[in-house]
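Each remark here refers to the structure printed beneath this line.
The values are calculated or read from the model by the stated rules, or taken from the named source; none is laboratory data. Keep in mind that what you see is a predicted model, and the values were worked out from it rather than measured. As a convention, Cβ positions derive from the backbone with ideal geometry for all residues, glycine included, and neighbour counts pool all protein chains shown. Calculation scope for accessible area: heavy atoms of the full protein, side chains included, ligands and nucleic acids excluded. Shrake-Rupley method; radii C 1.70, N 1.55, O 1.52, S 1.80 Å.
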Amino acid sequence: VQLVESGGGLVQAGGSLRLSCAASGSTFSINAMGWYRQAPGNERELVGVISSSGGSTIYADSVKGRFTISRDNAQNAIYLQMNSLKPEDTAVYSCNTVVGKRVYWGQGTQVTVSS
């Protein structure tokens, strides 16, 4: 399984970005997928998770109401719509999934929110 994120960039506070995570390889076995982020000097933290069908999502309290995760299984992709961005959302955002006992990660995409 290979995961590739895209869509990061520099945005002003209050703005929006949409991140994508494209999956390839043994995608038929991909289950739930998640978005994580890691800011400089901080540990990686969970942003949210979406179920295999896309019918269920959970979010970290810090992003609830501002971020939305969706997926398109026909395109083997998940998305992270980020609205009302804050400087504290600045981080490298990565997607992941678990297949069997193995955890797969993308390379990450940088999101920088200026004040």
| query | Farthest toward the dipole's positive end in the chain, which of VAL47, ALA77, SER6, given Cβ charges of +1 (Lys, Arg) and -1 (Asp, Glu) about the Cα centre? | reply | ALA77
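Among LYS64, LYS86, what's the order by accessible area (1.4 angstrom probe), most exposed first?
Output order, biggest surface exposure first: LYS64, LYS86.
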| query | When the distances between all Cα atoms of the range 67-115 are binned every 5 Å from zero, what whole-number percent does each bin get? | reply | 5, 16, 22, 24, 17, 10, 5, 1, 0
| query | Given 0.36 nm per residue, what is the gain on full extension from SER115 to ALA13 after removing their alpha carbon distance, in nm? | reply | 36.2 nm
| field | Directionally averaged shadow of the chain, computed from the convex hull of its alpha-carbon atoms, nm² | value | 6.7
| field | Length released on extending from ILE58 to LYS86, taking residue separation times 0.36 nm less the Cα-Cα span | value | 8.1 nm
| Can you give the extra length, in nm with one decimal, that the chain gains between SER6 and ARG44 once fully stretched, where that is 0.36 nm per residue apart less the Cα-Cα distance? | 11.8 nm
| task | Would you work out what percent of the accessible area of the chain, with all protein chains in place, is carbon or sulfur (probe 1.4 Å)? | result | 47
| query | Which net charge results when you count Lys and Arg as +1 and Asp and Glu as -1 among the other residues whose beta-carbon is under 15 Å from that of SER56? | reply | +2
| message | How much accessible area per residue does the range 49-115 have, counting only protein heavy atoms and a probe of 1.4 Å, in square angstrom? | response | 51
